[in-house]
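The values are calculated or read from the model by the stated rules, or taken from the named source; none is laboratory data. Quick caveat, the model's predicted, so the values are computed rather than measured. We place every Cβ from the backbone using ideal geometry, glycine too, and count neighbours over all the protein chains shown. Note: accessible area is taken over every heavy atom of the protein model, side chains too, but ligands, DNA and RNA are not part of it. Shrake-Rupley method; radii C 1.70, N 1.55, O 1.52, S 1.80 Å.
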Amino acid sequence: MYTLLSGLYKQWTTKERYNVLVIGLDNAGKTTLLEKIKQIYNHVPGLPPEKIGPTVGLNIGRIVWQGAQLCFWDLGGQTALQQLWDKYYAECHGIIFVVDSCDSDRIKEVHDVLAQVVTTHDTEGVPILMLANKQDAPRALRLHDIKEVFNPLAVELDARDSKVLGISALCGEGVSESVDWMGTRLFLNKRHRPPATSQ
Ligand SMILES: Nc1nc2c(ncn2[C@@H]2O[C@H](COP(=O)(O)OP(=O)(O)O)[C@@H](O)[C@H]2O)c(=O)[nH]1
Ligand SMILES: [Mg+2]
């Protein structure tokens, strides 16, 4: 009886788990996005923006989305840390690539880094969401201009699910739309990248 009940309990409480990498250059707003996601979905206050320092290791945030656990891995974006992203590609189910829309000087660098991400073997078939962040800032490049930067990569991205969305991680604008887009794609891509399970 105990075995039966504990088996049922396990079945009820076990969730599919999907890992989502949150990457992009340093200062793009990755940690701010993670904090906003936790705030919206877990109803916790989240770190105030002024308390968010540069990410050296890894920040993890977990939420439940449509009965599944989405586990966001926010990795440091400094050049030296970008080499570590490789280690996570094979284990991730989706990638969110955050772009600082205010930093037009580094847009070429953004393009080159993203090109590397999408052409890496281990990210093949993984849904990629590009977020043009800081759309609240008056000097932000508009979504249209950011999309132009990504157009040359369209050939690489053609075979998989990808999208460019404008957001403000600081204000929360577009954040739940981003999570919804990613969650839907993770489910659709389940056969290709099966979820892990977690209690
Ligand atoms: N205006 C504006 N600033 C933002 C936004 N998101 C992040 N920032 C600011 O950008 C800086 C870097 O953010 P952070 O989350 O640490 O970037 P990370 O290095 O990618 O993790 C901080 O000063 C944030 O307050 C946004 O949506 N709008
Ligand atoms: Mg950070």
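What to note about this one:
- For the chain, share of DSSP beta bridges that run antiparallel, in % to the nearest 5: 35 percent
- Selected from MET182, GLY57, ILE107, residue furthest toward positive end of dipole (the chain; charges at beta carbon): MET182
- Remark: segment 87-99, residue by residue, has Karplus-estimated 3J(HN,Hα) of 4, 9, 4, 5, 9, 8, 10, x, 10, 10, 10, 9, 10 Hz, where x stands for each Gly or Pro and the curve is 6.51 cos²θ - 1.76 cosθ + 1.60 at θ = phi - 60°.
- The spacing between segment 127-196 and segment 10-75, judged by their C-alpha centroids, is 16 Å.
- The modelled label-to-label distance for the pair VAL155/ASP86, using points 7 Å beyond Cα in the direction of Cβ, is 2.4 nm.
- Cβ-based charge dipole, segment 1-105, positive-most Cα from SER6, ASN19, ILE95: SER6
- Close amide H partners of VAL98, meaning residues 5 or more places away or on another chain with modelled amide H under 5 Å apart, are ILE23, GLY24, LEU131.
- Those trypsin sites (Lys or Arg not before Pro) in segment 99-199 that DSSP places in a loop and that have at most 12 other beta carbons within 10 Å: ARG139, ARG142, ARG191
- What segment 34-79 shows is 52 Å² of accessible area per residue, with the surface traced by a 1.4 Å probe over protein heavy atoms.
- Our summary gives the chain a relative contact order of 27 percent, counting only alpha carbon pairs under 8 angstrom and 6 or more residues apart.
- Mean residue ellipticity at 222 nm, helices only, the chain: -10000 deg cm²/dmol; runs of at least 4 DSSP H residues each add -39,500 (n - 2.57), and the sum is divided by the number of residues.
- Cα gyration tensor shape of the chain, rounded if a/c is under 1.5, else prolate or oblate by comparing a/b with b/c: prolate
- With every protein chain in place, the chain: carbon and sulfur % of accessible area (1.4 Å): 53 percent
- Sequence-distant lysines (8 or more away, or on other chains) whose Cα lies within less than 29 Å of LYS51: LYS30, LYS36, LYS38, LYS87, LYS134
- Order by protection proxy (mean Cβ within 10 Å, highest first), peptides 99-105, 44-50: 99-105, 44-50
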